[in-house]
1. Of Phe173, Phe82, Phe188, which has the most accessible area with a 1.4 Å probe, and how do the rest follow in descending order?
2. In whole Å, how far is the Cα centre of segment 147-225 from that of segment 48-102?
3. Given a 10 angstrom Cα cut-off, can you work out which residue in Gln33, Gln125, Gln191 is the most mobile in a GNM of the chain?
4. So if I restrict to the alpha-carbon atoms in segment 117-226, what is the Rg, and what is Dmax, the biggest pairwise distance, in Å?
5. Read through the labelled values (1) 1.19; (2) 0.96; (3) 1.27 and report the label of the one computed as Cα Rg over 2.2 N^0.38 Å from the structure.
6. Check the cysteines of the chain one by one and keep only those with no other cysteine Cβ under 4.7 Å from their own.
7. Under a 5 Å amide H to amide H cut-off, with H placed in plane at 1.01 Å, what residues pair with Gly175 once short-range neighbours are removed?
8. At a threshold of 8 angstrom on Cα-Cα distance, excluding pairs fewer than six apart, so keeping six or more, what relative contact order does the chain reach in percent?
Amino acid sequence: MTAIPDDCLARNEWICGEYLSTRRQILIDAVVQHLQLTAVSVLIALVVAVPLAVLARRWEWAAGPVLALTTILYTIPSLAMFSLLLPVYGLSAALVVAGLVLYSLTLLVRNILAGLRAVPEDTRQAARGMGYGPIRLLLTVELPLALPAAMAGLRIATVSAVSLATVGAIVGFGGLGNLIYAGMNTYFKAQVLTASVLCVVIAVAADLLLLGVQRLLTPWTRAVRS
(Lines give C-alpha, C1' and ligand atoms only; values in the text may rest on other atoms or scores of the structure.)
Protein backbone atom coordinates (compact mmCIF):
# COMPACT_ATOMS: atom_id res chain seq x y z
CA MET A 1 0.00 0.00 0.00
CA THR A 2 1.43 3.40 -1.07
CA ALA A 3 1.90 5.90 1.75
CA ILE A 4 0.02 9.19 1.46
CA PRO A 5 2.40 12.17 1.12
CA ASP A 6 2.64 14.13 4.34
CA ASP A 7 2.71 17.64 2.84
CA CYS A 8 0.18 19.58 0.79
CA LEU A 9 2.65 20.24 -2.05
CA ALA A 10 3.17 16.56 -2.66
CA ARG A 11 -0.57 15.99 -2.50
CA ASN A 12 -1.07 18.90 -4.93
CA GLU A 13 -3.81 20.52 -2.87
CA TRP A 14 -5.53 23.77 -3.85
CA ILE A 15 -4.91 25.44 -0.49
CA CYS A 16 -1.34 24.91 0.66
CA GLY A 17 0.55 26.93 3.25
CA GLU A 18 3.76 25.16 2.27
CA TYR A 19 3.51 26.74 -1.17
CA LEU A 20 3.35 30.24 0.34
CA SER A 21 6.39 29.64 2.54
CA THR A 22 8.58 27.99 -0.11
CA ARG A 23 7.63 30.24 -3.06
CA ARG A 24 7.50 33.56 -1.22
CA GLN A 25 10.11 35.36 -3.34
CA ILE A 26 8.58 34.07 -6.57
CA LEU A 27 5.20 35.43 -5.49
CA ILE A 28 6.69 38.78 -4.45
CA ASP A 29 8.49 39.17 -7.79
CA ALA A 30 5.29 38.32 -9.69
CA VAL A 31 3.23 40.79 -7.65
CA VAL A 32 5.80 43.56 -8.18
CA GLN A 33 5.86 42.96 -11.94
CA HIS A 34 2.05 42.92 -12.01
CA LEU A 35 1.86 46.23 -10.16
CA GLN A 36 4.48 47.80 -12.42
CA LEU A 37 2.69 46.74 -15.60
CA THR A 38 -0.64 48.03 -14.30
CA ALA A 39 0.63 51.33 -12.90
CA VAL A 40 2.77 52.28 -15.90
CA SER A 41 0.09 51.43 -18.45
CA VAL A 42 -2.71 53.27 -16.63
CA LEU A 43 -0.55 56.36 -16.07
CA ILE A 44 0.46 56.51 -19.74
CA ALA A 45 -3.16 56.01 -20.79
CA LEU A 46 -4.23 58.82 -18.47
CA VAL A 47 -1.63 61.19 -19.92
CA VAL A 48 -2.91 60.41 -23.44
CA ALA A 49 -6.62 60.36 -22.55
CA VAL A 50 -6.82 63.80 -20.92
CA PRO A 51 -5.76 65.81 -24.01
CA LEU A 52 -7.90 63.58 -26.25
CA ALA A 53 -10.96 64.23 -24.09
CA VAL A 54 -10.22 67.96 -23.93
CA LEU A 55 -9.83 68.04 -27.71
CA ALA A 56 -13.14 66.22 -28.15
CA ARG A 57 -14.82 68.68 -25.77
CA ARG A 58 -13.40 71.78 -27.43
CA TRP A 59 -14.18 70.64 -30.98
CA GLU A 60 -17.32 68.53 -31.08
CA TRP A 61 -16.51 67.29 -34.58
CA ALA A 62 -13.51 65.46 -33.09
CA ALA A 63 -15.58 63.63 -30.45
CA GLY A 64 -17.01 61.09 -32.89
CA PRO A 65 -13.69 59.98 -34.41
CA VAL A 66 -11.91 59.90 -31.03
CA LEU A 67 -14.62 57.81 -29.37
CA ALA A 68 -14.95 55.56 -32.41
CA LEU A 69 -11.21 54.88 -32.57
CA THR A 70 -10.87 54.08 -28.87
CA THR A 71 -13.97 51.87 -29.00
CA ILE A 72 -12.61 49.90 -31.95
CA LEU A 73 -9.35 49.35 -30.07
CA TYR A 74 -11.28 48.05 -27.06
CA THR A 75 -13.13 45.47 -29.17
CA ILE A 76 -9.90 43.79 -30.36
CA PRO A 77 -9.32 40.53 -28.44
CA SER A 78 -6.29 40.68 -26.16
CA LEU A 79 -4.40 37.88 -27.92
CA ALA A 80 -4.97 39.54 -31.28
CA MET A 81 -3.91 42.92 -29.88
CA PHE A 82 -0.62 41.56 -28.57
CA SER A 83 -0.02 39.77 -31.88
CA LEU A 84 -0.55 43.01 -33.81
CA LEU A 85 1.87 44.86 -31.53
CA LEU A 86 4.48 42.10 -31.61
CA PRO A 87 6.32 43.36 -34.76
CA VAL A 88 6.71 46.77 -33.12
CA TYR A 89 7.69 45.88 -29.55
CA GLY A 90 8.88 42.28 -29.78
CA LEU A 91 8.69 39.93 -26.80
CA SER A 92 9.02 42.56 -24.10
CA ALA A 93 7.22 44.21 -21.22
CA ALA A 94 6.65 47.21 -23.51
CA LEU A 95 4.38 45.01 -25.63
CA VAL A 96 2.13 44.32 -22.65
CA VAL A 97 2.17 47.96 -21.51
CA ALA A 98 1.24 49.18 -25.00
CA GLY A 99 -1.68 46.78 -25.16
CA LEU A 100 -2.96 47.80 -21.74
CA VAL A 101 -2.63 51.49 -22.64
CA LEU A 102 -4.80 51.02 -25.73
CA TYR A 103 -7.45 49.14 -23.77
CA SER A 104 -7.49 51.77 -21.01
CA LEU A 105 -7.98 54.66 -23.42
CA THR A 106 -11.63 53.83 -24.14
CA LEU A 107 -12.64 53.84 -20.49
CA LEU A 108 -10.66 56.94 -19.63
CA VAL A 109 -11.53 59.09 -22.65
CA ARG A 110 -15.26 58.36 -22.37
CA ASN A 111 -15.45 59.15 -18.67
CA ILE A 112 -13.26 62.26 -18.78
CA LEU A 113 -15.25 63.59 -21.74
CA ALA A 114 -18.52 62.86 -19.93
CA GLY A 115 -17.23 64.75 -16.91
CA LEU A 116 -16.20 67.76 -18.99
CA ARG A 117 -19.55 67.82 -20.77
CA ALA A 118 -21.34 67.73 -17.41
CA VAL A 119 -19.78 71.03 -16.27
CA PRO A 120 -22.65 73.58 -16.25
CA GLU A 121 -22.37 76.22 -18.94
CA ASP A 122 -23.34 78.84 -16.38
CA THR A 123 -20.22 77.96 -14.42
CA ARG A 124 -18.05 78.38 -17.49
CA GLN A 125 -19.64 81.72 -18.31
CA ALA A 126 -19.16 82.95 -14.74
CA ALA A 127 -15.48 81.99 -14.84
CA ARG A 128 -15.02 83.77 -18.17
CA GLY A 129 -16.73 86.83 -16.71
CA MET A 130 -14.13 86.81 -13.92
CA GLY A 131 -11.36 86.95 -16.52
CA TYR A 132 -10.46 83.26 -16.74
CA GLY A 133 -8.70 82.33 -19.96
CA PRO A 134 -9.12 78.92 -21.66
CA ILE A 135 -6.17 77.27 -19.87
CA ARG A 136 -7.04 78.62 -16.44
CA LEU A 137 -10.69 77.71 -16.99
CA LEU A 138 -9.74 74.15 -17.89
CA LEU A 139 -7.29 73.63 -15.02
CA THR A 140 -9.17 75.35 -12.20
CA VAL A 141 -12.83 74.86 -13.13
CA GLU A 142 -13.56 72.21 -15.75
CA LEU A 143 -11.12 69.46 -14.78
CA PRO A 144 -11.85 69.69 -11.03
CA LEU A 145 -15.60 69.47 -11.69
CA ALA A 146 -15.02 66.55 -14.07
CA LEU A 147 -13.04 64.62 -11.43
CA PRO A 148 -15.88 62.36 -10.18
CA ALA A 149 -16.54 60.97 -13.66
CA ALA A 150 -12.82 60.86 -14.48
CA MET A 151 -12.00 58.97 -11.28
CA ALA A 152 -14.79 56.49 -11.98
CA GLY A 153 -13.19 55.79 -15.36
CA LEU A 154 -9.75 55.55 -13.76
CA ARG A 155 -11.00 52.97 -11.26
CA ILE A 156 -12.55 50.82 -13.99
CA ALA A 157 -9.47 51.14 -16.21
CA THR A 158 -7.17 50.15 -13.34
CA VAL A 159 -9.18 47.07 -12.39
CA SER A 160 -9.37 46.07 -16.07
CA ALA A 161 -5.61 46.51 -16.44
CA VAL A 162 -4.99 44.28 -13.41
CA SER A 163 -7.07 41.59 -15.09
CA LEU A 164 -5.71 41.99 -18.61
CA ALA A 165 -2.09 42.08 -17.45
CA THR A 166 -2.31 38.34 -16.81
CA VAL A 167 -2.61 37.78 -20.58
CA GLY A 168 0.95 39.09 -20.87
CA ALA A 169 2.03 35.63 -19.73
CA ILE A 170 1.97 34.56 -23.38
CA VAL A 171 5.07 36.70 -23.92
CA GLY A 172 6.57 36.04 -20.50
CA PHE A 173 5.60 39.38 -18.95
CA GLY A 174 2.31 38.78 -17.20
CA GLY A 175 3.16 39.21 -13.55
CA LEU A 176 0.92 36.83 -11.66
CA GLY A 177 -0.35 35.65 -15.04
CA ASN A 178 2.99 33.89 -15.54
CA LEU A 179 2.32 31.78 -12.45
CA ILE A 180 -1.28 31.09 -13.46
CA TYR A 181 -0.23 30.06 -16.98
CA ALA A 182 2.60 27.83 -15.74
CA GLY A 183 0.40 26.34 -13.03
CA MET A 184 -2.36 25.48 -15.46
CA ASN A 185 0.10 23.79 -17.82
CA THR A 186 1.38 21.56 -15.01
CA TYR A 187 -1.89 21.40 -13.07
CA PHE A 188 -0.17 22.93 -10.04
CA LYS A 189 -3.29 23.68 -8.01
CA ALA A 190 -1.79 25.77 -5.22
CA GLN A 191 0.05 28.03 -7.67
CA VAL A 192 -3.03 28.63 -9.84
CA LEU A 193 -5.28 29.42 -6.88
CA THR A 194 -2.74 31.58 -5.02
CA ALA A 195 -1.86 33.70 -8.06
CA SER A 196 -5.55 34.09 -8.98
CA VAL A 197 -6.48 35.19 -5.47
CA LEU A 198 -3.61 37.68 -5.44
CA CYS A 199 -4.91 39.17 -8.70
CA VAL A 200 -8.32 39.67 -7.11
CA VAL A 201 -6.73 41.20 -3.99
CA ILE A 202 -4.70 43.65 -6.10
CA ALA A 203 -7.78 44.67 -8.11
CA VAL A 204 -9.93 45.22 -5.00
CA ALA A 205 -7.14 47.06 -3.17
CA ALA A 206 -6.49 49.34 -6.16
CA ASP A 207 -10.18 50.13 -6.50
CA LEU A 208 -10.53 50.95 -2.80
CA LEU A 209 -7.37 53.09 -2.89
CA LEU A 210 -8.62 55.10 -5.86
CA LEU A 211 -12.04 55.44 -4.23
CA GLY A 212 -10.34 56.94 -1.18
CA VAL A 213 -8.35 59.32 -3.39
CA GLN A 214 -11.55 60.31 -5.19
CA ARG A 215 -13.29 61.17 -1.93
CA LEU A 216 -10.32 63.24 -0.79
CA LEU A 217 -10.20 65.16 -4.08
CA THR A 218 -13.96 65.68 -4.38
CA PRO A 219 -15.28 66.58 -0.90
CA TRP A 220 -18.20 68.49 -2.43
CA THR A 221 -19.74 65.24 -3.72
CA ARG A 222 -20.15 64.01 -0.14
CA ALA A 223 -21.82 67.28 0.81
CA VAL A 224 -24.27 66.93 -2.08
CA ARG A 225 -25.19 63.37 -1.02
CA SER A 226 -25.78 64.38 2.57
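1. Phe173, Phe188, Phe82
2. 19 Å
3. Top of the fluctuation ranking is Gln125.
4. Just the Cα atoms of segment 117-226 yield Rg and Dmax of 20.9, 68 Å.
5. The listed entry that was calculated here is (3).
6. Cysteines lacking a close Cβ partner in the chain: Cys199.
7. Placed amide hydrogens put nothing under 5 Å from Gly175.
8. For the chain, the relative contact order is 26 percent.
The values are calculated or read from the model by the stated rules, or taken from the named source; none is laboratory data. Everything numeric in this text was worked out from a predicted model, so none of it was measured. A quick note on method: Cβ atoms are made from the backbone with ideal geometry, for glycine too, and the neighbour counts reach across all protein chains shown. Remember, those area values only see protein heavy atoms, side chains included, never the ligands or the DNA or RNA. Shrake-Rupley method; radii C 1.70, N 1.55, O 1.52, S 1.80 Å.
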